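Reviewing the structure listed below.
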């Protein structure tokens, strides 16, 4: 049962959420590189081709992942906040 947003985060193994200050931004790598290091292996191939907006067929061709499997992974990646769908194309979700 979900009583607060923290319950959802805990379900996906996210235990700590913190804000980044402007000073931190100068010392951190680019968001793409930071996320790529933390991306689950099963999503890495998809994430790596999303440097530009792509539809499902384009992603499938570039990654050699079946459409059925791809929809499942894209759905989970959206829930985890890694990507978003915009005008029938998927893109890497920017922080903020």
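Which residue out of 58, 80 is touching a helix residue (DSSP H, G or I) at 6+ places or on another chain (Cβ under 9 Å), over 22 Å from residue 10 (Cβ atoms) and modelled with pLDDT of 85 or more?
After ruling out the rest, the residue left standing is 58.
Scan 51, 47 and give me the residue that is at pLDDT below 90 and surrounded by 11 or more Cβ atoms within 10 Å (Cβ to Cβ).
Testing whether each residue is at pLDDT below 90 and surrounded by 11 or more Cβ atoms within 10 Å (Cβ to Cβ) leaves just 47.
Looking only at the range 43-80, count every residue that is in a helix (DSSP H, G or I) and closer than 25 Å to residue 6 by Cβ and tell me the total.
Qualifying residue count for the region: 6.
The values are calculated or read from the model by the stated rules, or taken from the named source; none is laboratory data. All values derive from a computational prediction rather than experimental measurement. Don't worry about glycine lacking a Cβ; one is built from the backbone with ideal geometry, like all the others, and counts go over all protein chains shown.
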